[in-house]
Amino acid sequence: MCGRFVLKSSRRIKLAHLQTQNLPFAARYNIAPTQTILAIADFGDGIEERLLTWGLIPSWSTDGKAFINARSETLEDRPSFSESFQERRCLIPADGFFEWRRPGKSKQPYYFQLKDEHAFAFAGIWDRWKSGTSSITSCAIITTVANELVAQLHDRMPVLLLPQDYETWLDRRTEPATLKRLLSPIESSRMKSHLVSSAVNHPDNDNSNLIQQVDIEAGTNLNLFG
């Protein structure tokens, strides 16, 4: 799954047909579900950035239930996601994401990023829900089976897209078979990870210290990544 991530700047993703990049967006190091996040898609007037709510509410929902993640294996089958997968795909820019190891009752977070520390995009879907005079445009991050690196902590991971895949993912004409190929886990060899402070466990904390590597406490055996 994906429950927290990092985005240092709204200008981290370059896209040929992106209209403008003028949204106010400060660096964020502990983005959590229900918060406003940056997304790139064709919302009706060409490819642009918008701020969406993280937690997709299907347009037809009667109870407003939100989904922060959507499993790649069931995108075409689940009513909550199928139409968005076909018609409303988006890119969710990121610099990295967190996953946790749970030895006993503690939660020890690790930060995952590309080896070259470049930005990437989560594969996402979006929808617009209305109730009375209220309207919420929201999104979900698509997950897939974990690669060997992430699998040491969790059996799922977000789908990471690289620049050469952005246009293909957003293009409504892309064939389903091609889209499904993009939903494979990225190779472990392209990623790295390190232990970070447990301060990231609290969504109210948000600063660059959260992604700094910390020493493994004496007496523990957490050296998963060398």
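No value in this document is a laboratory result; all are computed from the given coordinates. Fair warning: this is a prediction, and the values are worked out from it, not measured in the lab. Ideal geometry is used to build each Cβ from the backbone, glycine not excepted, and the neighbour counts take in all protein chains shown.
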Please state the relative contact order of the stretch 5-211 as a whole percent: Cα pairs under 8 Å, 6+ residues apart? 23
Tell me, what HN-Hα J-couplings in whole Hz come from the Karplus equation 6.51 cos²θ - 1.76 cosθ + 1.60 at θ = phi - 60° for each residue of the stretch 43-52, using x for Gly and Pro? 8, x, 10, x, 5, 8, 8, 9, 9, 10
Could you compute how fast the chain diffuses translationally, taking Rh as the Kirkwood radius over C-alpha pairs and applying Stokes-Einstein at 20 °C with viscosity 1.002 mPa s? Give it in µm² per second. 119
Got a sec to turn the phi values of the stretch 55-60 into Karplus ³J(HN,Hα) couplings, 6.51 cos²θ - 1.76 cosθ + 1.60 with θ = phi - 60°, whole Hz, x for Gly and Pro? x, 5, 10, x, 4, 8
How much of the DSSP beta bridge set in the chain is antiparallel, as a percent to the nearest 5? 90
Beta carbons within 10 angstrom, averaged per residue: use that to sort the peptides 181-189, 134-142, highest first. 134-142, 181-189
Please list the non-local residues whose amide H lies under 5 Å from the amide H of residue 56, H modeled 1.01 Å from N, same-chain partners needing a gap of 5 or more. 67, 68, 139, 140
Short version: ³J(HN,Hα) in whole Hz for each residue of the stretch 139-149, in order, from phi by Karplus 6.51 cos²θ - 1.76 cosθ + 1.60 (θ = phi - 60°), x for Gly and Pro, what are they? 8, 9, 8, 7, 10, 9, 5, 6, 6, 4, 5
If the cut-off is a Cα-Cα distance under 25 Å, which lysines reach residue 130, setting aside same-chain residues fewer than 8 apart in sequence? 65
Farthest toward positive dipole pole in the stretch 9-122 [+1 Lys/Arg, -1 Asp/Glu at C-beta], among 96, 108, 43: 108
Could you let me know the centre-to-centre spacing of the stretch 110-131 and the stretch 44-88, using Cα atoms, in angstrom? 14
Students often forget the sequence filter, so: which lysines lie under 16 Å Cα-Cα from residue 192 once same-chain residues fewer than 8 apart are removed? 115
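Of all GluC sites (Glu not before Pro) in the stretch 72-124, which ones are in loop regions per DSSP and have a Cβ with at most 10 other Cβ atoms within 10 Å? Let's see the in-between values first.
Numbers: sites: 73, 76, 83, 87, 99, 117; in loops: 76, 117.
Passing both the DSSP loop test and the Cβ count: 117.
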Given H placed on each backbone N at 1.01 Å, which residues far from residue 43 in sequence or on other chains put an amide H within less than 5 Å of it? 48
Magnitude of the Cβ-charge dipole of the stretch 144-214, K/R +1 and D/E -1, about the Cα centre, nearest 20 debye? 180
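For n ≥ 4 DSSP H runs only, could you compute -39500 (n - 2.57) per run for the chain, divide by its residues and tell me the 222 nm figure to the nearest 500?
Details: 3 runs with 21 residues, N = 226.
Computed mean residue ellipticity for the chain: -2500 deg cm²/dmol.
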Rank the residues 154, 202 as a footprinting-exposure proxy: fewest other Cβ atoms within 10 Å of their Cβ go first. 202, 154
Name the long-range amide H neighbours of residue 156: under 5 Å, sequence gap of 5 or more, or other chain; modelled H, no Pro or chain starts. 146
